[in-house]
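These notes are about the structure you will find just below.
The values are calculated or read from the model by the stated rules, or taken from the named source; none is laboratory data. Predicted model, so just to flag it, every value in this text is computed and none were measured. Note: ideal-geometry Cβ built from the backbone for every residue, glycine included; neighbour counts use all protein chains shown. Heavy atoms of the whole protein, side chains included, go into the accessibility calculation; ligands, DNA and RNA do not. Shrake-Rupley method; radii C 1.70, N 1.55, O 1.52, S 1.80 Å.
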Amino acid sequence: MRPQATGNISAIAIDCEMVGVRNGRQTLAFLSAVNFLTGEVLISRYVNPDEDVIDWRYEFSGLTQFIMTSAVASGAAFGSWREARDKLLEFIDKSTVLVGHSLNYDLEVLGIAHSKVVDSAILTAETVYPSVISTKPLPRMWGLKKLAKDLLSLTIQDSDYGHNALEDAFAARDILIWCIRNPEELKVWAENKRVQEKPKLPQNRTKLGKSRPNSEFPIRKTRQRLEAYDSDDFLLSELAYELGWPEGYDPWSD
């Protein structure tokens, strides 16, 4: 049973870093969560794996056994993925929209099934391929780093010390805000990508640094959530309203 939410947060951007454990699985090692509207950092904390780590994936996670041991010793880490999930759920109720990039991987390691999600990977890909129905796989998706560069002129994931989950959560948030604010520019970007991708074969949709999930239910729910994007009548302003963005308010104006 979920704990009661401590605040009425309409939308939260999240990002997780994972490490590899036995049998080809992965587990949560860092969690960041940001209030979508205000930009307030709700969580940015290590998560102590409760299984033996086979691969720390330093190139992507920026984590090592030493870093995690130090974080645990200094009190800078959740004791387990369940503790991290419970903390996140304090900010979430049924009406909260979860925002992120390739959210199916994050939801899987958090052990969360949530009906209201907006995935920047799917949103942008469905803008490029509007005719692909929600039950079919998209030909490809664009990585967070590429979208940040294309849409925001922002360089992320450029460190030799792995990804920064907080930076990635903010990037997913800012990409979505950009899409809402600039629907015509988004359409131009999508048209250009559609022309570029037309001669190419479908590509692997795995998020860089994160393996495919054992269960596909999170991505299926995400695509169902975004079925409206297949309609020519859909407006990004409707998405802004659902995210709790009041009329006349702009999160970037603060």
key: Conditions (1) open to solvent by 40 Å² or more (accessible area, probe 1.4 Å); (2) outside any loop (DSSP other than H, G, I, E, B): number failed by ASP50   = (2)
task = Could you list all residues from the stretch 82-101 that are within 23 Å of ALA171 (Cβ to Cβ), outside any loop (DSSP other than H, G, I, E, B) and open to solvent by 10 Å² or more (accessible area, probe 1.4 Å)?
result = ARG85, LYS87
remark   = The correct count of residues that are in a helix (DSSP H, G or I) and either among the basic types (Lys, Arg) or without any contact (Cβ under 8 Å) to a residue 12 or more places away in the chain (or both) in the stretch 133-166 is 3
request  = Those residues that are within 30 Å of THR64 (Cα to Cα) and open to solvent by less than 30 Å² (accessible area, probe 1.4 Å), I need them from the stretch 164-179; list them, please.
outcome  = ALA165, ASP168, ALA169, ALA171, ALA172, ARG173, ILE175
Count of residues meeting criterion [modelled with pLDDT of 95 or more, under 21 Å from the mean Cα position of the chain (by Cα) and open to solvent by 10 Å² or more (accessible area, probe 1.4 Å)] in the stretch 184-204 = 1
request  = For the stretch 111-125, enumerate the residues that are over 28 Å from LYS187 (Cβ atoms) and of a type in the set (A, V, I, L, M).
outcome  = ILE112, ALA113
So GLY62, is it closer than 21 Å to GLU167 by Cα, of a type in the set (Gly, Ala, Ser) and buried (at least 19 other Cβ atoms within 10 Å of the Cβ) = yes
ask   = Just for the stretch 114-156: of the residues that are closer than 15 Å to ALA171 by Cβ and more than 15 Å from the chain's Cα centre (by Cα), which one is surrounded by the fewest Cβ atoms within 10 Å (Cβ to Cβ)?
value = SER153
ask   = Hey, any hits in the stretch 16-33 for a residue that's surrounded by fewer than 23 Cβ atoms within 10 Å (Cβ to Cβ), among the aromatic types (Phe, Trp, Tyr) and either over 17 Å from the mean Cα position of the chain (by Cα) or at pLDDT 95 or above (or both)?
value = no
